[in-house]
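This report concerns only the one structure given below.
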């Protein structure tokens, strides 16, 4: 009967509500976790999450009511319907992560009790790990870490809402915990056998990324040139090549379809898979270079002509270009070497008709010009040089603001406007070469790159995107011809900024890019320093995986195999945990010796033990004092007063913790109790 009554009273007891002081910390963590998502989530979803969290806070303050079950269900149906309409049938890791964010936003409306607080806490910790799918830079890592720390502060405030300076003491405790666990984390990171992290799974996001595509229509690359996003970074084992020699080949476009150049053979279908991201192993040799490529969702890698693959995650095809086995949907590091003579031994003509294809009709003036120059040239090289001389000597202009090309755009470029970007001129020259019977193709990639901090590496950005021409010369094979170098030598020798300086079109639409403000030395210095930190973080922390780890282990005395590495890891972690346990135990004992109130409670417990009233598990001071009063009636008043002072010392919201007058009174009461207990024991002996 009594058990049923207790169960009934527990069932009808009101659940404990979340204190506002704890809830605000959880909301701050949620807001911080949304920051890395700003460039990925649709605006309506970000706004919805903010409004849902704000609704919950206003309900906490009593200004709004939380919706009921049916209202929440209706709101969920509306938001999910908007999400489905936005996704348009695509199901990828990206869309799944977005749906998860929406679910977290909706969760705020049913967060009422302490139990709900814990559920949402664990969900937000998982959301912080989801962020690493899309951002692994060091500053986003710091943002995620800060959000987790905010959650733990909220957790501490939840369990002591009335404690003065709870947040400040919580930060102190978190700092101490962080310092204690940091050595263990470092040991685990370095020695624990590395597995592929979550963010190396294939994302298959379908998200549009800035970068080179497998088609080129006049105007495409000029639009790309307005972006300062990184394409890749390069570290050389020897001196960095001169700016004019930095032609980073990506792919060939060999078929002209109207105004668009494309590949005659499309990209083969490849199953979703993971690209090995740790291709840079060991020290760089003088002729080698490391490339850290930003995600492109494409299979092509960028390399200088005359390179060979060193790492196993990239392969050279029959055309001398480099390809990954799977699309690069995350940051990829690979290593190449330059042949000593700089030649491309993989260059073969192959099917000549493939490189002579032209539309049957169109651009008649360009075709006529090709025949005229062909009749005057003694060799294919003379013809190509004559074209370059025409571009150099006549009034052709290199511009990021090319005019809209009409039908027969090559004719309009060559004879009328004479204004264009690299894609216009490369396409026109390839057309003329083919019209003269010379096999040729458009090469798309990047040209140039700016030195990073301390000139340690190169940063190649999207505005370095470039197109040029390769033509088949009987004596030298595939040979580079760049009409841009003839029209605007500054573009090849110094970069895009100098080439369009008079025009003022460099990053004209990107007001937030530090690269736009090249005359501000402090801003450029800060930008390069931040990039260097992120570059090293990507190479040595994010990219620290299986091969990198084994390479490091092999350099230790005696070397380590994977099995031995496991033993060493277990020993190191076990030893670290043992040391941490011993340190905590010693710290606890020393704290007990240092804290006068702890010593006072120990004296109280010893006195109760002496009076035949030992402390029980989970018993409060008031309960123990009541038992002592029954066992020792003469000491009842002193015992109950002592217990009240202990409670006041700990929990009274209107008193300062550890008030000196209360502590002194407790000491005097304990001395009185000791005398009363011993006097009473003397009477009964």
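A short reminder: the numbers here are calculations on the coordinates, not readings from a lab. Since the model is a prediction, treat every value here as computed from it, not as a measurement. Quick reminder, even Gly has a Cβ in these numbers, built from the backbone with ideal geometry, and neighbours come from all protein chains shown.
Using a ≥ b ≥ c from the Cα gyration tensor of region 422-548 (square roots of the eigenvalues), is it rounded, prolate or oblate, where a/c under 1.5 gives rounded and otherwise the larger of a/b and b/c decides, a/b for prolate? Walk me through the intermediate numbers first.
Details: a/c = 3.04, a/b = 1.55, b/c = 1.97.
The shape class here is oblate.
Order by neighbour count: 50, 314, 522, 148, fewest other Cβ atoms within 10 Å first, most last.
Arranged by neighbour count, lowest to highest, 50, 314, 522, 148 become 522, 50, 148, 314.
Order 480-488, 448-456 from most to least packed using the mean count of other Cβ atoms within 10 Å.
480-488, 448-456
Between region 366-412 and region 62-110, what is the separation of their alpha carbon centroids in Å?
For region 366-412 versus region 62-110, the Cα centre distance is 57 Å.
Over region 290-384, what is the mean sequence separation of C-alpha contacts under 8 Å (at least six apart), divided by residue count, expressed as relative contact order in percent?
Working: 120 pairs, mean separation 26.9, N = 95.
After rounding, I find 28 percent.
If you rank 107, 69, 305 by fewest surrounding Cβ atoms within 10 Å, what's the result?
69, 107, 305
Provide, as a two-decimal number, the C-alpha radius of gyration of region 215-530 over 2.2 N^0.38 Å, N being how many residues it has.
1.00
Return the Rg/Rh ratio of region 15-159 with Cα-based radii and a Kirkwood Rh.
Values: Rg = 15.1 Å, Rh = 15.7 Å.
Checking Rg against Rh, the ratio lands at 0.96.
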